[in-house]
Amino acid sequence: MPKDRIIKVAVPCPLYRTFDYRLPETVFNQAVEAGMRVRVPFGRQKLIGFILEEHRQSELPEDKLRAITTVLDPQSLISHEIMELVRWAARYYVHPLGDALQTALPVYLRSNEDASAPQIRSWHLPEQAATAASIEETRDDTLEKTLATLKRAPRQAEVYRLLAKAPHGLNEQALNERCDNWRPAVRALLQKKLITQQYRPVVLEPLTEKSQPPPLNPEQTDAIEAIARQQDEHAVHVLSGITGSGKTEVYLALCEKVLAQGRQVLILVPEIGLTPQLTQRFRQRLDAPLVVLHSGMSDRERYAAWHAAASGQARLLIGTRSSIFTPMPEPGLIIVDEEHDGSYKQQDGFRYNARDLAIVRARNNQIPVLLGSATPSLETLNNINEQRYQVHHLRQRANKKPLPKIRLLNLCSLQLYEGMASSLLDRIRIHLKQQGQVLLFINRRGFSPLLMCHDCGWSSQCQRCDAHMTYHKRHNELRCHHCGAQRPAPQNCENCGSDSVLAIGAGTERIEQFLQQYFPDTRVSRIDRDSTRAKGSLQEKLEQAHSGESGILVGTQMLAKGHDFPNLTLVCILDTDQALFSADFRAAEHLAQLITQVSGRAGRAEKPGEVLIQTHHPEHPLLQLLLHEGYEAFARAALEERKTAGLPPARHLALLRCESVDTQAAQAFLQQVVDLAETIEHPDIDLFGPLPAPMERRAGRYRYQLMLQSDQRKKLHPFLSWLAPQLQQMKSARKVRWSLDVDPYDTF
Ligand code: ADP
Ligand code: ZN
Ligand code: ZN
């Protein structure tokens, strides 16, 4: 009788260990390799785990070993390269390997046993199969006739109209974005033979109409040459240049070179809002099949795109954070656009940073990685200072827009109109008169951040959080932005019954309303999470902003990213002071990045832009530096401040967060961790805490944290790896939720 075959499996569970299983006789002759999925019994559940390796012997006696149920994949889904990366990341971020592997794979593979490439359906008007010329002639006619027959089926008419506008048809994702509950309508239209259905691959072919690159300036050429010279070795390059300085042109030129060598390129971008314009530009310029990956796609589509990159069919991959784990057989270059962006850091579960993993991945493959930004993060600047990264500056504005004038507007003792000074309103008027567009930023959605009783001082406190509930006037609701609680807004004070309940302070909704009354002839558009919740509304609003239909845009930071409004001439930042005095140690950095980023967007070729920053602290040294000497000078000073305060990137930080409904339990758990740490020597590692989180109570849970700091990663990481598995064994851990965050993005 042959000896049992034993495999080591990473099971997606919160435990810091792997599990041994037996291969049953049914698959005894099958070859297995690392990265294949297996279904395994786990406690009373059946889970999908990942084979790590086959080994001769288990520490468990043979009769204790359970057999796997099935091997799901004929070959490995996780390339050797990605396995290395995830193993590295699981160690670095001190996260259980099984869960890390599961996070790294497309969600589709968590429940679908069949890992062959899925087909993506799309729908079209029938004429669209014919030549383009005949469509134009017949379309209007047919459209009107058909729509007339759909009078009593408005959803079908809506879908039909959408498809008529889309020359290449629309797939599931596109319909999801544009229309609610479209499936029954599509079925009905198919039955009536008004539309047709096709299966199409997700790979986007290059556009046939190519655009020519502009003649590049010497700074661009220098950067391209320097990076291309080191194509076959690992180096981290930073491309530092304000918006419009031609960074994307540098990316395109490098991609062209790398593609010509028969290698693939991965381009990470922060948000989905960035992808449409960027994708278009890549397709117009490069002759390579491309896929995109972002959260707006269905699981199926994401998997199809992942598969195309992993099989080598797609040569370019543009994607958000999790794309860093997409296998590519022939990687030649990784680009991280807007490297300073916080969205690269996953904020729950497996808390990796995709920018940092891009560097690790490039190193493993001995290829270059390029970090681009108008406002490099302090981490990156620190690495440049320490000569770990090479920096290339683009100091001219390639698009020849003059740089905008930035001015501080001192609010002290001025009368304010919903938080705005009258001189600000005057500037808005002037810009509108000259056909300019105006953008106002305020990092606060809703109508007002709280309601307060004028008679007794009652305020709209959230019952589950140490925070106020925001008043949303349009829905006449109070909503807590921290726990999601919501209820109808009270007409009368909930304490004394008085009817003088005041809305205190202004958020986007109130500012929109005020400006619409103040400038009745101009269209005011609000872009925040509330106003763009409905399907297709973000797109619609961005289109209105683009076409110039909306003269004034009011929005949160959501609006700061990647959008290019051609007519934008005035940018106003309304709430600066909050950031200057925030408990979040990155708040000042974010503010400086926001100001610099939006400044790059203001102005037209023939007309310089203007940026107005409202503040009660115009003398603030960081603001002064930013305005008079620019982002680099600001960043130097901010970096010094971090050094003095012992914060990242000067020191390395990990955060052990803990929460519980029981006020004592979270503190008690963390105190035990401190006690446990005292049982071993840990030189050069400082523990601070347990400290209450900046918002101590949130969603009914009490939150505490322990900060672990060291000057040396070499010391901090082994300590964390020693600590984490023991936390799971602690009795006091049962009453709490805890998580370990290495290189946390914030301390909340
Ligand atoms: P960034 O990515 O830094 O914001 P882009 O690469 O998008 O900058 O360039 C901004 C605009 O300037 C684009 O329209 C681009 O085609 C144009 N551009 C870039 N480089 C040059 C150049 N050397 N000469 C003329 N136009 C350029
Ligand atoms: Zn009252
Ligand atoms: Zn709440």
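Based on this model, can you work out whether D99 counts as loosely packed, with under 13 Cβ neighbours inside 10 Å and outside any strand (DSSP E or B)? Reasoning before the result, please.
Numbers: loosely packed, with under 13 Cβ neighbours inside 10 Å: no; outside any strand (DSSP E or B): yes.
Considered against the rule, which asks whether it is loosely packed, with under 13 Cβ neighbours inside 10 Å and outside any strand (DSSP E or B), D99 comes out as no.
Looking only at region 730-740, decide whether some residue is under 30 Å from L594 (Cβ atoms), of a type outside the set (S, T, Y) and under 30 Å from the mean Cα position of the chain (by Cα). First the steps, then the outcome.
Start the filter on region 730-740 by keeping residues that are under 30 Å from L594 (Cβ atoms), which leaves 739-740.
Next, only the ones that are of a type outside the set (S, T, Y) stay: 740.
Those still in the list that are under 30 Å from the mean Cα position of the chain (by Cα) too: 740.
Yes, the conditions are met somewhere in region 730-740.
Filter region 642-681 for residues that are in contact (Cβ under 8 Å) with a residue 12 or more places away in the chain, open to solvent by 50 Å² or more (accessible area, probe 1.4 Å) and closer than 30 Å to N385 by Cβ and give the result.
Residue satisfying the conditions is A645 alone.
Residues in region 280-313 that are of a type outside the set (G, A, S) and under 17 Å from P213 (Cβ atoms): how many?
8
Mind checking whether some residue in region 449-471 is at pLDDT 95 or above, touching a helix residue (DSSP H, G or I) at 6+ places or on another chain (Cβ under 7 Å) and away from ligand 1 (no atom under 16 Å from the Cβ)?
no
Please enumerate the residues belonging to region 674-720 that are in contact with a His (Cβ under 9 Å, 6 or more places away or on another chain), within 16 Å of ligand 3 (Cβ to nearest atom) and among the hydrophobic types (A, V, I, L, M, F, W, C).
Selection gives M695, A699.
Which condition does T596 not pass, out of (1) open to solvent by 20 Å² or more (accessible area, probe 1.4 Å); (2) touching a residue at least 40 places away in the same chain (Cβ under 8 Å); (3) part of a loop (DSSP other than H, G, I, E, B), if it passes all the others?
(3)
Give all pairs with beta carbons closer than 8 Å in which a residue from region 292-320 that is on the phi < 0 side of the Ramachandran plot and among the β-branched types (V, I, T) meets a residue that is assigned to a loop (DSSP other than H, G, I, E, B) and buried (at least 24 other Cβ atoms within 10 Å of the Cβ); count only pairs at least 6 apart in sequence or on separate chains.
Within 8 Å, the pairs are I318/V269; T320/V269.
Quick one: which residue in C462, C493, C480 is within 16 Å of ligand 2 (Cβ to nearest atom) and in contact with a Cys (Cβ under 7 Å, 6 or more places away or on another chain)?
On the way: C462 fails: within 16 Å of ligand 2 (Cβ to nearest atom); C480 fails: within 16 Å of ligand 2 (Cβ to nearest atom).
Result of the check over C462, C493, C480: C493.
If only one of R510, R529, R464 is among the charged types (D, E, K, R), open to solvent by 70 Å² or more (accessible area, probe 1.4 Å), closer than 30 Å to P694 by Cβ and more than 23 Å from the chain's Cα centre (by Cα), which one is it?
Working: R510 fails: open to solvent by 70 Å² or more (accessible area, probe 1.4 Å); R529 fails: more than 23 Å from the chain's Cα centre (by Cα).
The match here is R464.
Residue under question is R533, and the condition is that it be without any contact (Cβ under 8 Å) to a residue 40 or more places away in the chain, basic (K, R) and out of contact with any strand residue (DSSP E or B) (no Cβ under 6 Å at 6 or more places or on another chain); does it hold?
On the way: without any contact (Cβ under 8 Å) to a residue 40 or more places away in the chain: yes; basic (K, R): yes; out of contact with any strand residue (DSSP E or B) (no Cβ under 6 Å at 6 or more places or on another chain): yes.
So R533 passes the test.
Hey, could you check region 436-467 for residues that are touching a strand residue (DSSP E or B) at 6+ places or on another chain (Cβ under 8 Å) and among the polar types (S, T, N, Q) and say which is farthest from R697 (Cα to Cα)?
Q437
Tally up the residues in region 719-737 that are farther than 23 Å from D662 by Cα and touching a Cys at 6+ places or on another chain (Cβ under 8 Å), please. Working first, answer last.
Keep residues of region 719-737 that are farther than 23 Å from D662 by Cα, which gives 719-723, 725.
Filter once more, keeping what is touching a Cys at 6+ places or on another chain (Cβ under 8 Å): none.
Number of matching residues: 0.
Give me the pairs, please: first residue somewhere in region 357-386 and more than 20 Å from R91 (Cβ to Cβ) and open to solvent by 10 Å² or more (accessible area, probe 1.4 Å), second residue anywhere and in a loop (DSSP other than H, G, I, E, B) and among the β-branched types (V, I, T), beta-carbon distance under 8 Å, and either six or more positions apart or on two chains.
Listed by first residue and then by second, the contacts come to A374/I242; A374/T243.
The values are calculated or read from the model by the stated rules, or taken from the named source; none is laboratory data. The model shown is predicted, which means the values in this text are computed figures rather than measured ones. Note that each Cβ is placed from the backbone with ideal geometry, even for glycine, and that neighbours are counted across all protein chains shown. Quick note on the areas: whole protein, heavy atoms, side chains included, nothing else; ligands and nucleic acids left out. Shrake-Rupley method; radii C 1.70, N 1.55, O 1.52, S 1.80 Å.
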